[in-house]
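These notes concern the structure reproduced below.
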Amino acid sequence: MNAMKNRLFYSFIFVIGSSLAVLGLFIGQLFPFFIDEYINEASKVSEQKLDQIIEEQQIELTTSQKEALINTYMIDVEAESLKDTKKKIYMIISALLLGGLVIMGLMTYRVASNFINPIINITKTARELSKGNYRARAFANGPRTIVELRNSINILARNLQDITKTRAIEEERLKTLIENMGSALMMIDREGNISIVNKKFQTLFELPKEQLIGKNFMMLGLPKELEQFIDHVFLTEMPYRQQLMMEIADEEYYEQVYGAPVVGEHGRWLGVVIVMHDVSELVRLEQVRKDFVANVSHELRTPITSIKGFSETLLDGAFKDEQMLLSFLTIIYDESNRIQVLVNDLLELSKIERHGFTLEVTPTKLQDILIRVVDLTSSQLESKNMQFNVEIEQDAVILGDVNRLMQIFTNLINNAIAYSKEETTVTLRISANKEHGIFEVRDEGIGIEKAEIARIFERFYRVDRARSRNSGGTGLGLSIVKHLIEAHNGKIQVASEIGKGTSIKVFLPLSN
């Protein structure tokens, strides 16, 4: 723009200079006419002055002498006057031409500035807008056309700024939605490279974002089932839905996977998007429901069948045999007790799981509860010729419901005794950390398979069904224990080794 301004200025100067030069040339051509008229006038004046001097001096001159004197004087005057006149005229013309050139140059510069500077300002603003700086504004003044152009540029800048703000807000909302959605999301471009993943996906497959973005999905070690699903969406270019069972980090996950092609403008195919919703818990709950119905039916069928069978036998005449009568009635009584215990446990579990279940929480010492629980379970321990090993590293005062805590610890100790061999030791330990009081029960029993540890808190799940049933258990004890611990805002940890025993730790919040 500065170059254009200079060119415009020099062009104006050239045109004006040329015009003034032509004007000067024209005046120079008229100069002889002005000189002749000037000489004639000057000669008349000089002749009159000479006549006046001769008369005043009373000089007697002949006519020829007088004319010769006048001619001689006129030649001198003409030469001197012509010289002075020419000099003055040239100076005046030069001054006028130079002054005119300077004035016209200033006017030309001002006119060029008034037209070019606003255009320079508007051009700079347009360049800033092209770079993405939508806060740039033009402040050019000038003719109406320039002002309209300035206003149009500023309106465009404001509109672009508003559009950018709206787009930024929408992108932030979309990013927040993708990052915080409960389902894992992955977008793959048409080359098979990952372009977008969210935190849920990274957490599920334990892969940082740096190892995902820009990498081909076949090179990430994803489960084969998922790779085959993605291949199917790529091949068919149609939406597809399937429930997949995938093993990730030695754990089974059930994922409801949805895949769809991503289509851009003019039908251009951009890639696919994969969304995975974890339904593992729903599948597990459905399995628990099925197991619950089957287990309840099985648990009730056995004692009911026994009661019905022995009752029919007695009604058929066996009651006449007193010894048989007492034996059958004893069996019927025991089986009815089993039903009663089972129903009570089901009611207890239903009560704990019901919304609004509350505890009578008070500051309680773990050591006091341990002493009472040892007294309650000593008879069962002695029946198997076993012994307790009590270790109190640090007593802890916790917030808890005393009766419920006794129910928790009694159940854990009874399980430890039931699943241990005779003449072994059950270790009870109390300790604490900064936040929790810790109660640990460790036995020397049969142990639990690693794959079964996560299931021991399910209803009716038994590690050893025969032993549990012989001990009178319903399979609901550990499920009740877990719910009660969670109601205390605590947690439970299980560690076990086959043939060597099991350790169960209960963490309960300390009383401040």
Å² per residue, accessible surface of region 163-276 at 1.4 Å: 63 Å²
Residue-span extension gain [GLN394 to ILE120] - 0.36 nm each, minus C-alpha spacing: 90.4 nm
Inter-site label distance for GLU286 and GLU423 at 7 Å from Cα along Cβ, in nm: 5.2 nm
Dipole magnitude of region 225-338, debye to nearest 20 (Cβ charges: Lys/Arg +1, Asp/Glu -1, about Cα centre): 500 debye
Residue-normalised accessible area of region 334-460, given per residue in Å² at a 1.4 Å probe: 53 Å²
Highest average packing first - 249-258, 378-387, Cβ atoms within 10 Å: 249-258, 378-387
Rounded accessible area of LYS199 (nearest 10 Å², 1.4 Å probe): 120 Å²
Distance between modelled label sites at LEU347 and ASN141, nm, 7 Å Cα→Cβ extension: 9.4 nm
Share of carbon and sulfur in the accessible heavy-atom surface of region 400-460 [1.4 Å probe, %]: 44 percent
Heavy atoms of THR424: accessible area, 1.4 Å probe, square angstrom to 10: 20 Å²
Global geometry of region 315-444, whether rounded, prolate or oblate, following the gyration tensor of its Cα atoms and the 1.5 cut on a/c: oblate
Extended-chain gain in nm, criterion 0.36 nm per residue less alpha-carbon gap, LEU325 and ILE169: 47.8 nm
Whole-percent carbon and sulfur share, accessible surface of region 273-375, 1.4 Å: 58 percent
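The values are calculated or read from the model by the stated rules, or taken from the named source; none is laboratory data. Computed from a predicted model, the values in this text were never measured in an experiment. Counting neighbours? That spans all protein chains shown, and the Cβs are built from the backbone with ideal geometry, glycine included. Each accessible area value is taken on the protein alone, full model and side chains, heavy atoms only, with ligands, DNA and RNA left out. Shrake-Rupley method; radii C 1.70, N 1.55, O 1.52, S 1.80 Å.
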